[in-house]
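What follows is a set of notes on a single structure, which appears directly below.
The values are calculated or read from the model by the stated rules, or taken from the named source; none is laboratory data. Quantities reported herein were computed from a predicted structural model and do not represent experimental measurements. A quick note on method: Cβ atoms are made from the backbone with ideal geometry, for glycine too, and the neighbour counts reach across all protein chains shown.
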Amino acid sequence: MPLDVLIARWFALGWLVFGLSHLLYPAKWAALVLPLRAHENGGLMLGTFNVLLGLMVVLGHNVWVWGIPVIVTLAGWLMTLKGAMYLLLPGSHVLVMPEGKRMERGFRVAGIVAMVLGALLTYDSFCRR
């Protein structure tokens, strides 16, 4: 199996599972992430995770063709850029992370978006390839 297909399938299933979890348990996710927002160096942890995952996608799935696969490529680049920003400007995470109930609402919205993208990628990477 080509690496780009493997990464697309991994993202597809991951987005479905994480999306459903975000939708079902937004308060638990907010409780997990809020301490990172409160800590001035929380951006370093978030940045490390995002850069590592984003670079893996960018290096293994840099597909720039119009269609569903480009979603994974764009996600990889966005994760890499977001992670680099958090690593180079460690306090910047506080500026973009909401607090309290707004964070819970954000997890619900992110869950819906992740499930839709996951469903599209599942169809494309498992059924069309």
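With the requirement that a residue be part of a loop (DSSP other than H, G, I, E, B) and either within 23 Å of residue 11 (Cα to Cα) or aliphatic (A, V, I, L, M) (or both), what does region 90-118 give you?
The first filter runs over region 90-118 and keeps only residues part of a loop (DSSP other than H, G, I, E, B), leaving 97-99.
Selection gives 97 alone.
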Residue satisfying condition, being more than 29 Å from residue 3 (Cβ to Cβ) and either surrounded by fewer than 16 Cβ atoms within 10 Å (Cβ to Cβ) or more than 15 Å from the chain's Cα centre (by Cα) (or both), within set 69, 35: 35
Determine which member of the set 84, 12 is over 11 Å from the mean Cα position of the chain (by Cα) and either within 23 Å of residue 98 (Cα to Cα) or modelled with pLDDT under 95 (or both). 84
When region 59-88 is checked residue by residue, the ones that are out of contact with any helix residue (DSSP H, G or I) (no Cβ under 7 Å at 6 or more places or on another chain) and assigned to a loop (DSSP other than H, G, I, E, B) are 65, 66, 67
With respect to residue 12, is the statement that it is assigned to a helix (DSSP H, G or I) and touching a residue at least 60 places away in the same chain (Cβ under 8 Å) true? yes
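Provide a single number: the residues in region 28-58 that are assigned to a helix (DSSP H, G or I) and out of contact with any Leu (no Cβ under 8 Å at 6 or more places or on another chain).
18
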